[in-house]
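S.K.: Please read through the structure below; I'll follow up with questions.
The values are calculated or read from the model by the stated rules, or taken from the named source; none is laboratory data. Here the structure is a predicted model, which is why all the values come from computation and not from measurement. Reconstructed Cβ throughout: ideal geometry from the backbone, glycine too, with neighbour counts over all protein chains shown.
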Amino acid sequence: MNKTLNVQKSLIIFAIPLLLITSMVLLTYSSLFEANSNTLSIAITIDLLLTTPLIYFLLIRKTSILKTTIVPFIILGVIVCSLILPSENQYYLGLFKTWVLPVIEFSILSFIIYKIIKARRLYKLNTQNISNDFFTTIKATCSEILPKVAATPFVTEIAVFYYGFINWKKRTLKPNEFSYHKDSGTIGLLIALLFLTAIETVTFHLLLSKWNTTAAWILTGISVYSGIQILGFLKSMLKRPILIEDDVIYLRYGIMNETTIHIQDIESIELSTKDIELNKTTRKLSLLGDLEGHNLVIKLKHEQTLNGLYGIKRAYKILALHVDEKYLFKSRIDSVLQQDLFTNL
């Protein structure tokens, strides 16, 4: 019953500002607007950019809804104003775009950076054993200050640039950390793909520029962005090793795939390079699927979730993966399983 009431309350909270926006849109199509376009354009601009976000804020201020969700309503107001108001009546909208919107964007970015720095400090102070992982920290931080829909892609893009261009420090593995890129051949494949992207970008740009310069630059922009993504994915594999800590396995494949397994939930772990049929319950930790081999297969007692790029989630009970130090990795897990078995006897 309480859950139903909360859902209804949330719907009302979002419906009121959306109703206000809709009424402003309808007003611009009325004869009243045609007769008083200058005056009403100012009123509509104020309502969409200031009044509606303020009303939304007052509605959510005593709720658990993130206060930062006010930002999408401001942006929506700017977009709607740009579409419905005649260009000659967008003077105040132009002022808002020039002076207020950049301040809002800068404030949000500063707040996120502040929260990330604060989270990393707390992470270092409160955890002495668990690795200080940037991707984990930024996900936890952004989930607190951004809507879930916006947080996941934002975190992915930030992580791509962080691992691709900022984090160049060599990663030294701790005794409870395991690499998975040295013997798999994935790094070589991604490097080859990166060079191929660079060559094709230059080639297609020269060919397309003879036909359409705009199309050539659009394709070049897409190719450069793809190259940045590949570089970020590649380097994240070097910086995010698999971790065993406090009877929990943190399985990572860069920022592309990750999952957490409690060792007590493992039914069996076996050394195997045999091909397996991938389905709804059998997955590979590698994003490349059958293109990359595996040397370990973990079978679980209960279904778990594999978290992929941009928040994609997939269930599994059997997970195949590659670990460079496979014998040591398996022995660590087997020892914990044996201790738990001895304790339960």
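S.K.: Confirm whether Ser184 is among the polar types (S, T, N, Q), surrounded by 13 or more Cβ atoms within 10 Å (Cβ to Cβ), touching a residue at least 40 places away in the same chain (Cβ under 8 Å) and in a loop (DSSP other than H, G, I, E, B). Even if it seems obvious, please write down each step before you answer.
M.R.: On the way: among the polar types (S, T, N, Q): yes; surrounded by 13 or more Cβ atoms within 10 Å (Cβ to Cβ): yes; touching a residue at least 40 places away in the same chain (Cβ under 8 Å): yes; in a loop (DSSP other than H, G, I, E, B): yes.
Spelling it out, Ser184 is indeed among the polar types (S, T, N, Q), surrounded by 13 or more Cβ atoms within 10 Å (Cβ to Cβ), touching a residue at least 40 places away in the same chain (Cβ under 8 Å) and in a loop (DSSP other than H, G, I, E, B).
S.K.: Give the residue that is farthest from Glu258 (Cα to Cα), with candidates limited to residues of segment 277-290 that are in contact (Cβ under 8 Å) with a residue 24 or more places away in the chain and out of contact with any Asp or Glu (no Cβ under 9 Å at 6 or more places or on another chain).
M.R.: Lys280
S.K.: Can you work out which of the residues in segment 211-240 that are of a type in the set (A, V, I, L, M, F, W, C) and more than 29 Å from Val155 (Cβ to Cβ) is surrounded by the fewest Cβ atoms within 10 Å (Cβ to Cβ)?
M.R.: Let us first name the residues in segment 211-240 that are of a type in the set (A, V, I, L, M, F, W, C), namely 211, 215-219, 222, 224, 228, 230-231, 233-234, 237-238.
Among the residues that remain, those that are also more than 29 Å from Val155 (Cβ to Cβ) are: 211, 215-216.
Numbers: Trp211: 8, Ala215: 13, Ala216: 17.
The qualifying residue surrounded by the fewest Cβ atoms within 10 Å (Cβ to Cβ) is Trp211.
S.K.: Right, here's the next one. Of the residues in segment 70-94, how many are touching a residue at least 40 places away in the same chain (Cβ under 8 Å), polar (S, T, N, Q) and surrounded by fewer than 19 Cβ atoms within 10 Å (Cβ to Cβ)? First the steps, then the outcome.
M.R.: Restricting attention to segment 70-94, the residues satisfying the condition of being touching a residue at least 40 places away in the same chain (Cβ under 8 Å) are 72-73, 76-77, 80, 84-86, 89-90, 92-93.
Among the residues that remain, those that are also polar (S, T, N, Q) are: 89-90.
Still in the list and also surrounded by fewer than 19 Cβ atoms within 10 Å (Cβ to Cβ): 90.
So the answer is 1.
S.K.: Please enumerate the residues belonging to segment 219-243 that are outside any loop (DSSP other than H, G, I, E, B), out of contact with any Ser or Thr (no Cβ under 6 Å at 6 or more places or on another chain) and within 12 Å of Ser179 (Cα to Cα).
M.R.: Ser236, Met237, Leu238, Lys239, Ile242
S.K.: Considering only residues that are among the hydrophobic types (A, V, I, L, M, F, W, C) and either in contact with an Asp or Glu (Cβ under 8 Å, 6 or more places away or on another chain) or at pLDDT 85 or above (or both), which ones fall in segment 169-188? Talk me through it step by step, then tell me what you get.
M.R.: Residues of segment 169-188 that are among the hydrophobic types (A, V, I, L, M, F, W, C), as a first pass: 173, 178, 187.
Listed by number, the residues that qualify are Leu173, Phe178.
S.K.: From Leu208, Leu243, grab the single residue that is surrounded by 13 or more Cβ atoms within 10 Å (Cβ to Cβ) and without any contact (Cβ under 8 Å) to a residue 12 or more places away in the chain.
M.R.: Working: Leu243 fails: without any contact (Cβ under 8 Å) to a residue 12 or more places away in the chain.
Step by step, each of Leu208, Leu243 is checked, and only Leu208 is surrounded by 13 or more Cβ atoms within 10 Å (Cβ to Cβ) and without any contact (Cβ under 8 Å) to a residue 12 or more places away in the chain.
S.K.: Let me ask another. Can we say Leu40 is surrounded by 18 or more Cβ atoms within 10 Å (Cβ to Cβ), over 20 Å from Leu146 (Cα atoms) and hydrophobic (A, V, I, L, M, F, W, C)?
M.R.: Details: surrounded by 18 or more Cβ atoms within 10 Å (Cβ to Cβ): yes; over 20 Å from Leu146 (Cα atoms): yes; hydrophobic (A, V, I, L, M, F, W, C): yes.
Yes; evaluated as a whole, the condition is true for this residue.
S.K.: Could you say whether any residue in segment 282-289 is within 24 Å of the chain's Cα centre (by Cα), in a strand (DSSP E or B) and surrounded by 16 or more Cβ atoms within 10 Å (Cβ to Cβ)?
M.R.: Taking every residue of segment 282-289 in turn, at least one turns out to be within 24 Å of the chain's Cα centre (by Cα), in a strand (DSSP E or B) and surrounded by 16 or more Cβ atoms within 10 Å (Cβ to Cβ).
S.K.: Now, a different point. Could you please tell me which pairs satisfy a Cβ distance under 9 Å, a separation of 6+ or placement on different chains, a first residue in segment 144-164 that is more than 17 Å from Asn307 (Cβ to Cβ), and a second residue that is among the basic types (Lys, Arg) and surrounded by fewer than 19 Cβ atoms within 10 Å (Cβ to Cβ)?
M.R.: Glu144/Lys115; Ile145/Lys67; Ile145/Lys115
S.K.: Being under 24 Å from the mean Cα position of the chain (by Cα) and in a loop (DSSP other than H, G, I, E, B) is the filter here; which residues of segment 293-321 pass it?
M.R.: Answer for segment 293-321, where residues must be under 24 Å from the mean Cα position of the chain (by Cα) and in a loop (DSSP other than H, G, I, E, B): just Ile312.
Yes/no per residue for (1) closer than 26 Å to Thr305 by Cα; (2) modelled with pLDDT of 90 or more:
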| position | (1), (2) |
| --- | --- |
| Leu193 | no, no |
| Thr201 | no, no |
| Leu219 | no, no |
| Lys235 | yes, yes |
| Thr260 | yes, yes |
| Ile276 | yes, no |
| Asp290 | yes, no |
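S.K.: Hey, another quick one. Among (1) hydrophobic (A, V, I, L, M, F, W, C); (2) crowded, with 17+ Cβ neighbours inside 10 Å; (3) over 23 Å from Val160 (Cα atoms), which single condition is Leu328 missing?
M.R.: (2)
S.K.: Further, regarding this structure: Evaluate the following for Ala320: is it touching a strand residue (DSSP E or B) at 6+ places or on another chain (Cβ under 7 Å), farther than 21 Å from Leu271 by Cα and among the aliphatic types (A, V, I, L, M)?
M.R.: Details: touching a strand residue (DSSP E or B) at 6+ places or on another chain (Cβ under 7 Å): yes; farther than 21 Å from Leu271 by Cα: no; among the aliphatic types (A, V, I, L, M): yes.
Taking the combined requirement at face value, the residue does not satisfy it.
S.K.: While we're on this one: With Phe111, Phe154 as the choices, which residue is among the hydrophobic types (A, V, I, L, M, F, W, C) and at pLDDT 80 or above? Reasoning before the result, please.
M.R.: Details: Phe111 fails: at pLDDT 80 or above.
Answer to the selection: Phe154.
S.K.: Could you pull out the residue among Gly293, Gly311 that is touching a residue at least 24 places away in the same chain (Cβ under 8 Å), out of contact with any strand residue (DSSP E or B) (no Cβ under 6 Å at 6 or more places or on another chain), over 24 Å from Thr136 (Cβ atoms) and not assigned by TED's automatic domain parsing to the domain that holds Pro147? Explain how you work it out, then say what you get.
M.R.: Details: Gly311 fails: over 24 Å from Thr136 (Cβ atoms).
Answer to the check: Gly293.
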